1. Residue under question is A:R134, and the condition is that it be free of Cβ contacts under 8 Å to residues at least 12 places away in the same chain, outside any strand (DSSP E or B), among the charged types (D, E, K, R) and open to solvent by 10 Å² or more (accessible area, probe 1.4 Å); does it hold?
2. Does B:I609 satisfy the condition of being out of contact with any Asp or Glu (no Cβ under 9 Å at 6 or more places or on another chain) and in contact (Cβ under 8 Å) with a residue 40 or more places away in the chain?
3. Looking at B:N561 and the list (1) away from chain A (no Cβ under 13 Å); (2) under 20 Å from B:G494 (Cβ atoms); (3) open to solvent by less than 80 Å² (accessible area, probe 1.4 Å); (4) not hydrophobic (A, V, I, L, M, F, W, C), which single condition is not satisfied?
4. Scan region A:68-78 residue by residue and report those that are open to solvent by less than 20 Å² (accessible area, probe 1.4 Å) and either under 17 Å from A:K25 (Cβ atoms) or not assigned by TED's automatic domain parsing to the domain that holds A:R23 (or both).
5. In the list B:T568, B:T530, which residue meets the criterion of being assigned by TED's automatic domain parsing to the domain that holds B:T502, among the β-branched types (V, I, T) and modelled with pLDDT of 90 or more?
6. Testing B:T553 on (1) modelled with pLDDT under 95; (2) open to solvent by 20 Å² or more (accessible area, probe 1.4 Å); (3) touching a Phe, Trp or Tyr at 6+ places or on another chain (Cβ under 9 Å), one condition comes back false. Which one is that?
7. Hey, B:V379 hits all of (1) over 15 Å from the mean Cα position of the chain (by Cα); (2) within 14 Å of chain A (Cβ to nearest Cβ); (3) open to solvent by less than 10 Å² (accessible area, probe 1.4 Å) but one; which does it fall short on?
8. For region B:206-294, please list each of the helices (runs of 4 or more DSSP H) lying entirely inside it that holds at least 3 residues being within 14 Å of chain A (Cβ to nearest Cβ) and out of contact with any helix residue (DSSP H, G or I) (no Cβ under 7 Å at 6 or more places or on another chain).
Amino acid sequence: MSCHCDEQKPQELNLIEEFPDKRKKLEEYIQSLDIGNNREKNRGLLIQSLHKAQDIFGYLPLCVQLFVADKLKLHLSEVYGVISFYSYFTDKPVGKYKIHVCTGTACFVKGAGAVLDEFKRYLNLEVGETSADRKFSLNSLRCVGACSLAPVVMVNDKVYGKVTAKMVPDIINECA
Amino acid sequence: MFDNIDKLSQRARELRAPTKQPIKVMVSMGTCGIAAGATPVLAALQKEIAERNLESSVKLVETGCMGLCYCEPSIEIENTQTGKSIIYGNVKPGDAPVIVKNLDGAAVGVDTVNRTWYYPELEEPGEQQLQARIVLRNSGRVNPERLDDYVANNGYQALGKVLTEMSARAVIDEILASGLRGRGGGGFPTGKKWEFAANQESDVKYLICNADEGDPGAFMDRAVLEGDPHSVLEAMAIAGYAIGAHEGYIYIRAEYPLAIKRLRIAIEQAENAGLLGKNILGSDFDFHIELKYGAGAFVCGEETALIHSIEGKRGEPTFKPPYPAISGLWGKPTIVNNVETFANITAIIRLGAAWFRRIGTEKSPGTKVFALAGKIKRVGLIEVPMGTALRDIIFNLGGGIYNDKEFKAVQTGGPSGGALPASQLDTPIDYDSLKALGSMMGSGGMIVMDEDDCMVNIAKFFLEFTLDESCGKCTPCRIGNTRLFEMLEQICEGNGTEETLTKLKTLALTIKDTALCGLGQTSPNPVLSTLSNFADEYQSHVKDKRCLAGVCTKLISYVINDQCVGCTLCARNCPVQCIAGERKEQHVIDQDKCIKCGVCYNTCKFHAIDRI
């Protein structure tokens, strides 16, 4: 199966071809799994393969989806169906700084809504969007389990606790 | 390698023998502990112990979570000879010298914390000990990355007992007799589930541990997996033996990296020690455990959806029956049990069903772990006997309401549960009492709300969550909940009428009756419970177009009254610079620009801002 990334989105890089070392890493991982001829069993390996692929490439564009489908002997539609269902997977590029505002219940009652609104206003982004320079992406997430620090904001792996709208500019400036 | 039970018992005896290190310093290193700064505290304690040459008598242990989220980093110091222990909270690295200097007494200047729990296995409760820890018995007590620590605390003894002394039927009978009910929320008798699967004739059966803890504000399963992973593995092997399964899966959220890491370590240790894998403890019983990861879909906590997710499909639920116990993973008989359910199993097998039934209520024996969060002073994990009153949990264990505000409601059961008002605080909680009140046990999230929360807005929040997480397969959930959400939006924006309220209730009841899976059937609960418990708030939104809690921004505005002394504090704090005025003169808010964030209202020291 060949990759049709170029036909669909001319501006998008074909990550599989551009980064042979990343491709190799993913290929080796999938080959280490117990792939047989039982389609149903192979399908059971799909989600973990996509986790690995997103770890490696950052997101899951069409060419990566095709690559995974090919290796697991699945249809592209089955792969895409899974990616579009689960919120953890994304087929859009993400920013260098991934800002996640926790909107779990504990954070919500302690004012996460105002914090999220301020991020939206300050960055001029909607939830799920990435800035044009690919520096920031803004997302909400449900509960990181640090409810005692509510409201919580995560920037990549760093956790900010007891965040107020006023702290938003400082958090953004720290990313620079 | 333990190739028989005697070797395991022998090892446990060795580990329990009096050691040269009678003093244990235990540092809570769960996700929240680490986020609050437990790592530098551990390093400081280590350095201090080394500098004082105490390594021969003091053992430093990295443990899971004690449940004291509100005062992390927390540590416990136990003298194993005298049995005395002391707990410190809010520990800073700078406290290490005074703590290590006073290992037998209270270190001055460091916060001490009362132990509000007892261990039913070892002791009788004291007066202040409302908590009984069975599920959390090892969390915060053992190093979760060391098999020896678990073995020393009767680890894998229950599995040994099952393999050497009990038939599969006897195991199921014991669990049936204990009355244990599923801790994931539904409360189905665990023994019954096992019995269904055991009675199926099949070449292959599967066992699944549901660790997809998706309820926002609930984190007890994470605490168990991070603090005591072996207890879940051991229980899974026991369940596998009982139903005749040899393969088990743990379906865990990808958002829990530390729990995943500790589970991986534990599985490898157990396999190497002959406690999992082929010929467990020298018997002819084989059991393998594999991890499967979720990918951010709340509906996957529903067992049929979870099974589809493990199969690599979209996590959409299917109609029951057939129940998974008859036809589940890849069409084979499958048991799905929650982490907390499994964490009860080993104690029941070791100590017996009768012992277990002494705790809790007749219809809901045992304990339940709750994650206390929201507007409460002591956020954290607690484990109480079933039947404990909500008031005891919130005002005694939880320390009451944050900033001493007025209690308004407590939400149990997360987005599937209901909000209970002050008049229901004396309810002894178990599965049946909560259901009777229109809420549910759920996985054990307990979110406390105060006078500043608008219950209409809270209902809207939960519905927004459900909308987001609805898989879209059935119409009542996909479209019905969208309509419910739109109606709540209308009400919050001041466009609702009496008729909206009637429609809201009718549609909510319809969804409850017609949705396909547990998520859809319970999704209207927050609406229905707030409609009945907080009817006056809906009325004031609809009739007077007022939000008494001051949350629904379309229904409020902020104005500055003549108490203003012109201190400029509000103007300086306003995020949109919409407050104008000269120094020492009354300020004015530009209503067109105001985003109604309430910062001015909260910062003013002169009561000069009115919310109307």
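1. For A:R134, the condition - free of Cβ contacts under 8 Å to residues at least 12 places away in the same chain, outside any strand (DSSP E or B), among the charged types (D, E, K, R) and open to solvent by 10 Å² or more (accessible area, probe 1.4 Å) - is not met.
2. yes
3. (2)
4. A:V68, A:L72
5. Residue meeting the stated conditions: B:T530.
6. Only one criterion is unmet by B:T553, namely (3).
7. (1)
8. Correct list: B:257-272.
The values are calculated or read from the model by the stated rules, or taken from the named source; none is laboratory data. Since this is a predicted model, take the numbers as computed values, not measurements. In this analysis, Cβ positions are derived from the backbone assuming ideal geometry, glycine residues included, and neighbour counts consider all displayed protein chains. Surface areas here come from the heavy atoms of the whole protein model, side chains and all, with no ligands, DNA or RNA. Shrake-Rupley method; radii C 1.70, N 1.55, O 1.52, S 1.80 Å.
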